[in-house]
Structures are given as structure tokens and as C-alpha cells.
Amino acid sequence: MIFLGGVGLGKTHLATALGYAACMQGRSVLFTTAIDAINTLSAAQAANRLKIELKKYLAPSLLCLDELGFLPIDKRGADLLFQIISLRYEQGSIIITSNRAFKNWPEIFNNDSTLTSAILDRLLHHAETIVIEGKSYRMKGEVKS
């Protein structure tokens, strides 16, 4: 499942709620931001522990990758994230939240359109995409001047 929309629209809340529901059904869940996953795998790669660390992202029944696209991802990070997505393809469920429309995803992945296409191909094959529109709930009640 992929939640797309601007900031403050409840994407993370929905991902968390689905993760909680999965836990209540006895499923294993890992919730992390995309950047935290990349940073963890990058450090593991530098320490020659990538295979071991990757298993942490492959083992759970459900992996929630939050905030994809909020921060830039370099080539190394894009490659590491691709490994997670590729290895989980048809093996385990993924929920992704992003503030970027699919047409802008090459910008997320270091402007690598080939890698972006490969990621989207795997993600969209079985995914439901929910686009959330509206105003940030954080701005609710704000006085406009």
C-alpha cells in the first residue's frame, strides 16, 4: 500500500494504524523512516554487515517505510532502498508513505529513472495507492492573516 499526499494529511497515522492492526493479528511489523533504513544499511555496508542488516527489513510480515521523498537520497541510498524493495517483492507486505507523486519519484532516487522504474514496477505490481488531498491537520484552527 502506498499513501501519497502533502504534509499533515495523516499518511503516517494511517500506516501506523495498519501496522498496529497487523500486530494485533499476530503479524510481525517493522516501522521506520526511509532515511533511517538507508542510514542503517549504509553503516552496515561500511562495516561489511549488509546481508545481516538487510534481514531485519526482510523478516517482518509488514514493513512500513515512512516519509519517502522528504529528504534527498544519494545513489548509494537509492541502491540500498532498491535492495529492500526488490528482496521483499512478492515475499512480504510494504506500506510506503510519500509526499511526492509518482512522476516526481526520479527526484527521490538521485534522478536515476532506470532505478525508479524498477522500484515502481515492483511496488505497483500488487499495490493499492491512496492519494490523500486536503489541508494539513496541523494547520487546523490556525488564524489566517
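The values are calculated or read from the model by the stated rules, or taken from the named source; none is laboratory data. A quick note: this is a predicted structure, and the numbers were derived from the prediction, not measured. Neighbour counts are summed over all protein chains in view; Cβ atoms, including those assigned to glycine, are modelled from backbone coordinates with ideal geometry. Keep in mind that these areas ignore ligands, DNA and RNA; they rest on the heavy atoms of the full protein, side chains included. Shrake-Rupley method; radii C 1.70, N 1.55, O 1.52, S 1.80 Å.
Note on the stretch 1-60: with charges restricted to the Cβ of Lys and Arg (+1) and Asp and Glu (-1), its dipole about the Cα centre is near 180 debye.
Here the dipole of the chain is about 240 debye; that uses its Cα centre as origin and unit charges on the Cβ of Lys and Arg (positive) and Asp and Glu (negative). Other residues within the sphere of radius under 12 Å centred on the Cβ of ALA15, judged by their own Cβ, net out at -1 (K and R +1, D and E -1).
Projecting the Cα atoms of ALA101, PRO72, LEU14 onto the charge dipole of the chain, computed from C-beta unit charges around the Cα centre, puts LEU14 farthest toward the positive end. Surface composition of the chain: carbon and sulfur atoms hold 53% of the protein heavy-atom accessible area at a 1.4 Å probe. Taking all protein chains into account, the per residue accessible area for the chain stands at 59 Å² (1.4 Å probe).
The amide H of PHE31, built 1.01 Å from its N in the peptide plane, has CYS64 as neighbours under 5 Å, considering only residues 5 or more places off or on other chains.
Near PHE70: Cβ cut-off under 13 Å, other residues only, Lys/Arg at +1 and Asp/Glu at -1. The net charge is -2.
In degrees from 0 to 90, rounded to the nearest 10, what is the angle of the helix 11-24 Cα long axis to the longest principal axis of the chain? Taking the Cα atoms of the chain, the angle to 11-24 is about 60 degrees. Peptides 126-136, 16-26, ordered by how many other C-beta atoms sit within 10 Å of their residues on average, highest first, read 16-26, 126-136. Proximity of backbone amide H atoms, modeled 1.01 Å from N, is registered between ILE130 and ILE2, PHE3, LEU4 at under 5 Å, excluding neighbours fewer than 5 places apart on the same chain. Taking the average, over residues, of other Cβ atoms within 10 Å as the packing measure, peptides 4-11, 42-49 rank 4-11, 42-49 from highest down. Note on Cα extents along the principal axes in Å: of the candidates (1) 54, 39, 29; (2) 74, 41, 27; (3) 49, 31, 27, the value calculated from this structure sits at (1). Net charge dipole, the stretch 89-145: roughly 400 debye, given to the nearest 20, about the Cα centre with Cβ charges of +1 for Lys and Arg and -1 for Asp and Glu.
Between 0 and 90 degrees, rounded to the nearest ten: what's the tilt of helix 113-126 against the longest Cα principal axis of the chain? Between the helix axis and the principal axis of the chain, the angle is about 80 degrees.
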